[in-house]
Number of protein chains: 2
Amino acid sequence: MTPPPSPRPPGDASADAALLDPNRVRLRRITEVLPAKMKQYGIDAWLTFTREGATDALGWDVAADRVVGRAACLFGFLGGRLARVAICASYDVTPFIESGLYEQVVPYKREGIGPHLKEWLDKLDPRKVAINFSRDAPNIDGITLGMYRYLLEVAGAGFEEKLVSAEALMMSVKGVKLPEEVAAIEQAAVATQRILREALSLERITPGRTTELDVGRYLEQRTNELGFKVSFISVVVGPDRGHADPTDRVIAHGDLLRTDFGVFHQGYSSDIQRTAYLLRPGERQPPDAVRRMWDTTLRANRAAIAAMKPGVQAVKVDAAARQVIVEAGYDEYPHAAGHAIGIKVHDTGPVLGPDWKERYGTLVRHGLEEGQVFAVEPMIYHDLPEVGGVVQVGLEEDVVIERSGARVLGTPQTELWLLE
Amino acid sequence: MTPPPSPRPPGDASADAALLDPNRVRLRRITEVLPAKMKQYGIDAWLTFTREGATDALGWDVAADRVVGRAACLFGFLGGRLARVAICASYDVTPFIESGLYEQVVPYKREGIGPHLKEWLDKLDPRKVAINFSRDAPNIDGITLGMYRYLLEVAGAGFEEKLVSAEALMMSVKGVKLPEEVAAIEQAAVATQRILREALSLERITPGRTTELDVGRYLEQRTNELGFKVSFISVVVGPDRGHADPTDRVIAHGDLLRTDFGVFHQGYSSDIQRTAYLLRPGERQPPDAVRRMWDTTLRANRAAIAAMKPGVQAVKVDAAARQVIVEAGYDEYPHAAGHAIGIKVHDTGPVLGPDWKERYGTLVRHGLEEGQVFAVEPMIYHDLPEVGGVVQVGLEEDVVIERSGARVLGTPQTELWLLE
């Protein structure tokens, strides 16, 4: 392709028309949210420095998700107000200009990005520059080692000492969703719950015939019919298989059917888990072991949600859920109780996780803020010999943090769904 | 979503069945190509260290493109043979196991990846470890700064001195395509040429009525009809707009219509440019200025292809094309004459570019190898007042390097297509 490539086919261009205008969202966040937060964190400039191949996870937010050559997206105070500058290859200017996000789009040709970036850094003369690297936050760890070394090569002596991680800044700036983003996620969550309710019923499932793949296909087809897009689908019957796609495993009486499913609405993803149990002929209730797993999972989920308030450290949310599960005699789940959602299913924001330094480090230390949106999913992994191995019951709700606490999006699952 | 998320909906699972088996390709490359090349470059171990959010550009090649938590894909000599080890979060094991690429898949839970990675590095005890970073090659610059610092934290003192860039190794290992990969690209190129030939005709274009978007939609529809998938589409009438999608600009008599278009076949992308000119009523030939641009572009394209042989430095290919254009009195094109293609449209491989250190650095210094596949596209950007600005004629061919030189895939364009 020509250096000006067009990564999105025209089919996507028309789909874009239906999206919440990304340019508007980006511009509002950069102009209405970023400056105050930069001041709060003592940051003079924020730099995203990326290129095609390993595009920065925050590339979308600065309209750099379609660049080919090296691009610098630089926001810094100049005379007390925020200057917004993009520097990019001459063939990459169009998306930056069209985004409306920048006051200046500076193109480079054979001289490369270096001299222009150096000039702008000199002009802004920041004491403290946030760049996108983080030990613990994948979505804020976008700068590659090659780009980092090139940045030091370009910016000159003493620059490295000015650099700080954008982690805390972005947890807040990108973690907090605008009202229109919350609305999009809420509509996605409501649709997801509806589709799952339809799918996990005897109208859709014939025990002994329907497979996991059949359920997956129904979820996909129904999502498209209703005008949404599939974000991800997991349908698991029987023992947990970890990170796996639906298979041709047939669903039978006595099965636990666990679904983990999200849809995109206006570019934003939901993330909902539901579980159903298929009663055996003559059975009126699921086995006690299953019932007890469900009840405990439900209590853990509600304990997490009850703990969520502005200012509460993320680790406390996980602790509330983990305690319920451990006190009931189950093993701890080997991961966090929840994560931010947004344009990604694992979006930028605090992680509702335990204090395991190796795994989560600082991610669980951030405080919750009004406007952050999370998927909450404490879980039990438990060996049930009657099911043939380690199973989970899936229960996951999406919530938004409001002034007084967490509000659940849509209608939460309150009882194990029984199919008979 | 649960920590074991399923990023691909089931619809993709069925599409996968039609793909060239990625597991087979990966395994062949790792077992049949990698060991000898590691020895050639004096590399004792190759490590891809990545996670979700900014997944390494070489993640596909080591089956790490679906990981969530930190994952280490480690290949190193142990007792003279290549050990293949993946270390990943407990919920990420399935794709690694299913890939068949690893002898050992080591899961971690709350202790994190650190102790396991340290143990394996100690066991392999390499003197020289290649990791995926590069100043100049985006596709070999996958390790993020956060992951790099974490690696140093985990591996302990003295490890940094053992690290070298995987650039040269991967230019060769990943740059050289297996015969079945070449075949897939060739079929994609042939289909692309066919679809473009159909699209750029008066059967599809009514001057004064058809728009760029109409042409784009036809390309997409026809691609799907023929069982391929769109890789990217660019359709430009009139002056160059850089990196832009098709618009509702109407195609008229006297227009140059330039297309840059690729399709996926079995997961591999073509990349072809074609140009047509719509004669004005009474016109038998395009204006001299257009004709001269076309002839020069064609000669430059053929000069580049003629220069391509195993062992030839990539910069020499660009020089051959650039010379034709400059000698004809046109400005130099502000980019490379070509790039590798494969599972990405800009794939890993030498860049057929000029010796501009800032832009291309070492990328143009690598020698061509048998089995590498390139898109060749030297171009002219020239101000044609009669068209209203700077225009290009698009001519781009896909070629594979064979023992005796470059072989063009499919049927090259030899004349400017005239629509009257």
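Brief remarks follow.
- Cβ pairs under 8 Å, 6+ apart, first in the stretch B:120-149 and within 8 Å of chain A (Cβ to nearest Cβ), second surrounded by fewer than 20 Cβ atoms within 10 Å (Cβ to Cβ) and in a loop (DSSP other than H, G, I, E, B): B:139/B:344; B:141/B:135; B:146/A:135; B:149/A:135
- Only residues that are over 30 Å from residue B:172 (Cα atoms), in contact with a Gly (Cβ under 9 Å, 6 or more places away or on another chain) and open to solvent by less than 10 Å² (accessible area, probe 1.4 Å) were counted in the stretch B:369-394, giving 1.
- Residue within the stretch A:265-285 that is open to solvent by 30 Å² or more (accessible area, probe 1.4 Å), touching a residue at least 12 places away in the same chain (Cβ under 8 Å) and within 14 Å of chain B (Cβ to nearest Cβ) present: no
- Conditions (1) more than 11 Å from chain A (Cβ to nearest Cβ); (2) under 29 Å from residue B:239 (Cβ atoms): number failed by residue B:363: (2)
- Single residue of the stretch A:379-404 satisfying the filter (in a strand (DSSP E or B) and at pLDDT 95 or above) that is farthest from residue A:312 (Cα to Cα): A:396
- Residue check: residue B:283 meets all listed conditions (1) more than 30 Å from residue B:60 (Cα to Cα); (2) part of a helix (DSSP H, G or I) but one, namely (2).
- Residue selected from the stretch B:326-358 under the condition aliphatic (A, V, I, L, M), at the interface with chain A (Cβ under 10 Å from one of its Cβ atoms) and within 15 Å of residue B:177 (Cβ to Cβ), by the criterion surrounded by the fewest Cβ atoms within 10 Å (Cβ to Cβ): B:345
For (1) more than 15 Å from residue B:304 (Cβ to Cβ); (2) of a type outside the set (A, V, I, L, M); (3) part of a loop (DSSP other than H, G, I, E, B), each residue gets a yes or a no:
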{"position": "B:321", "(1), (2), (3)": "no, no, no"}
{"position": "B:326", "(1), (2), (3)": "no, no, no"}
{"position": "B:345", "(1), (2), (3)": "yes, no, yes"}
{"position": "B:350", "(1), (2), (3)": "no, yes, yes"}
{"position": "B:359", "(1), (2), (3)": "yes, yes, yes"}
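- Members of the stretch A:306-355 that are acidic (Asp, Glu) and closer than 26 Å to residue B:111 by Cβ: A:318, A:327, A:331, A:332, A:355
- Here the stretch A:287-301 is the region considered, the condition is being open to solvent by less than 10 Å² (accessible area, probe 1.4 Å) and closer than 14 Å to residue A:256 by Cβ, and the residue that is farthest from the chain's Cα centre (by Cα) is A:290.
- Within the stretch A:64-97, restricting attention to residues that are among the charged types (D, E, K, R) and facing chain B (nearest Cβ under 9 Å), the residue that is most open to solvent (accessible area, probe 1.4 Å) is A:66.
- Inter-residue pairs, beta-carbon under 9 Å, first farther than 16 Å from residue A:150 by Cβ and in the stretch A:42-55, second among the aliphatic types (A, V, I, L, M) and open to solvent by 10 Å² or more (accessible area, probe 1.4 Å), 6+ apart: A:42/A:164; A:43/A:164; A:44/A:124; A:45/A:121; A:45/A:124
- Conditions (1) assigned to a helix (DSSP H, G or I); (2) in contact with an Asp or Glu (Cβ under 8 Å, 6 or more places away or on another chain); (3) closer than 27 Å to residue A:281 by Cα; (4) away from chain B (no Cβ under 12 Å); number of the one not met by residue A:189: (3)
- Residue ID - least open to solvent (accessible area, probe 1.4 Å), chosen from residues in the stretch A:41-63 that are among the aromatic types (Phe, Trp, Tyr) and within 13 Å of chain B (Cβ to nearest Cβ): A:49
- Residue count, the stretch A:229-240 (criterion: away from chain B (no Cβ under 12 Å) and buried (at least 19 other Cβ atoms within 10 Å of the Cβ)): 2
- Residue match in the stretch A:405-417 (condition: at pLDDT below 95 and in contact with a Lys or Arg (Cβ under 8 Å, 6 or more places away or on another chain)): no
- Against the list (1) within 14 Å of chain B (Cβ to nearest Cβ); (2) outside any helix (DSSP H, G or I); (3) open to solvent by 50 Å² or more (accessible area, probe 1.4 Å); (4) not basic (Lys, Arg), the condition residue A:206 fails is (1).
- Candidate set from the stretch A:241-264 (those that are of a type in the set (Asp, Glu) and either within 23 Å of the chain's Cα centre (by Cα) or away from chain B (no Cβ under 14 Å) (or both)); member that is least open to solvent (accessible area, probe 1.4 Å): A:260
- Of the strands (runs of 3 or more DSSP E) lying entirely inside the stretch A:100-168, those carrying at least 2 residues that are touching a Leu at 6+ places or on another chain (Cβ under 8 Å) and open to solvent by less than 20 Å² (accessible area, probe 1.4 Å) are A:129-131.
- Within the stretch B:405-420, being surrounded by 15 or more Cβ atoms within 10 Å (Cβ to Cβ), aliphatic (A, V, I, L, M) and assigned to a strand (DSSP E or B) holds for B:406, B:408, B:419.
- Which listed residue is more than 17 Å from the chain's Cα centre (by Cα) and within 14 Å of chain A (Cβ to nearest Cβ), from B:112, B:158, B:100: B:112
- Out of B:252, B:184, one residue alone is in a helix (DSSP H, G or I) and aliphatic (A, V, I, L, M). It is B:184.
The values are calculated or read from the model by the stated rules, or taken from the named source; none is laboratory data. Just so we're clear, the structure is a prediction, and the values are computed from it rather than from any experiment. Cβ sites come from the backbone with ideal geometry, for glycine too, and all protein chains shown count toward neighbours. Note: accessible area is taken over every heavy atom of the protein model, side chains too, but ligands, DNA and RNA are not part of it. Shrake-Rupley method; radii C 1.70, N 1.55, O 1.52, S 1.80 Å.
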